[in-house]
Amino acid sequence: MSFKSILSDIGNGVKKVFTVGDAVAKDAEPFVDLAFPGVAPLFNAVVQQVGLAEASAAAAGAENGTGVQKLALVVQSIEGSIMSYETTNKLATPLSQQQVEAVANAVVAFLNALPASTAAAGVASPEHTLVGAV
């Protein structure tokens with residue numbers, strides 16, 4: 001069954017990045033914080049940057065097939081949030097590049113799993129990834 005995901009919805013309107021993406025992050029934050037204390041600020045930062053990367057690609061007419069570029073943009077943009085997470089959680093070893101990419105891709109998977117608003121229901125669109133087909 002195909003449906004339009006929140007991430008697709010974000011990519012179709014730059015303004016939606018701040019309303020839909022941030023709303024999803026805020027709605028999910030209590031669940032994320034309950035399951036994984038201290039992760040919510042990082043989760044929110046990644047949601048915001050994924051939304052911005054998706055919106056930028058859509059604005060450039062390159063929504064599909066640009067996963068590697070979007071991933072690089074997100075990874076670079078969340079560097080400060082990652083360092084803050086590492087410091088706050090007193091990690092002995094910093095996260096590797098692969099781990100940071102995995103965090104970004106996990107957030108993309110989360111956003112792709114959620115349907116877009118009911119106003120956009122019924123419009124099929126491909127799921128989005130940062131690194132291509134998963």
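The values are calculated or read from the model by the stated rules, or taken from the named source; none is laboratory data. Everything numeric in this text was worked out from a predicted model, so none of it was measured. FYI the Cβ positions are ideal-geometry reconstructions off the backbone, even for glycines, and counts take in every protein chain you see.
Considering only residues in the stretch 57-99 that are over 15 Å from Val46 (Cα atoms) and among the hydroxyl-bearing types (Ser, Thr, Tyr), the one that is surrounded by the most Cβ atoms within 10 Å (Cβ to Cβ) turns out to be Thr66. Of the helices (runs of 4 or more DSSP H) lying entirely inside the stretch 1-102, those carrying at least 2 residues that are modelled with pLDDT of 65 or more are 22-35, 40-59, 67-77, 79-88. Please determine, by comparing only the residues of the stretch 103-134 that are among the small types (Gly, Ala, Ser), modelled with pLDDT of 50 or more and outside any loop (DSSP other than H, G, I, E, B), which one is nearest to Gly80 (Cα to Cα). Top of the filtered list is Ala104.
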